Structures are given as structure tokens and as C-alpha cells.
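Have a look at the structure below, then the notes.
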Amino acid sequence: MTGFKVCPLGVVLGAATFVRLTWMECKSSGPDSGPPTESFWMFFVRWTADPLTAIYPPAGLITAAAYWWLATRRRGPRTA
């Protein structure tokens, strides 16, 4: 994997994490943490409007890039 493939993958995984966490929050958003009273899509639109949700894709990008960089670093002189 190259860095140009890993970075978009990190963004997609960060966004997928946001969708998964929103799904879990939606399922416990009803009265007394019960079933929701609105559809998932209405809940998703409300939660997407929160400025803090913009952190998930960049966080995925940074994490994927850091892991890729650490995994591809050379540890010393190469021996044949």
C-alpha cells in the first residue's frame, strides 16, 4: 500500500466510524434510553450539523497516515 492509497482509506474509515457511532446513539436516543422516536436519517441529519463531527474523517486520515509511516520506516542499513 502506498501513502496515496492509505490516506483516502483513512478518511473513509473515519467517516464510517462516525456513521456507526451515530447509529448507536440513534438507537439509544428515545425516552429513557429506549427505542428512538424519529427515523435514523432525521437523527443523522441533526447530528451531522454538529461541528464536532468534522473531526472523524481527519482523525482517520491522521491515524492511517501515522500507522503507514511507522510501518514503512527503515530501521537501519539494509543487509542483502
Per-residue counts of other Cβ atoms within 10 Å, averaged by peptide: what ranking do you get for 37-48, 10-21, highest first? 10-21, 37-48
Taking the Cα centre of the chain as the origin and placing charges on Cβ (Lys, Arg +1; Asp, Glu -1), which of LEU9, CYS26, THR72 is farthest toward the positive end of the dipole? THR72
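Only the coordinates and a few stated rules stand behind these numbers; no lab work does. These numbers were taken from a predicted model, which means no experiment stands behind them. No Cβ is skipped: glycine too gets one built from the backbone with ideal geometry, and neighbour counts run over all protein chains shown.
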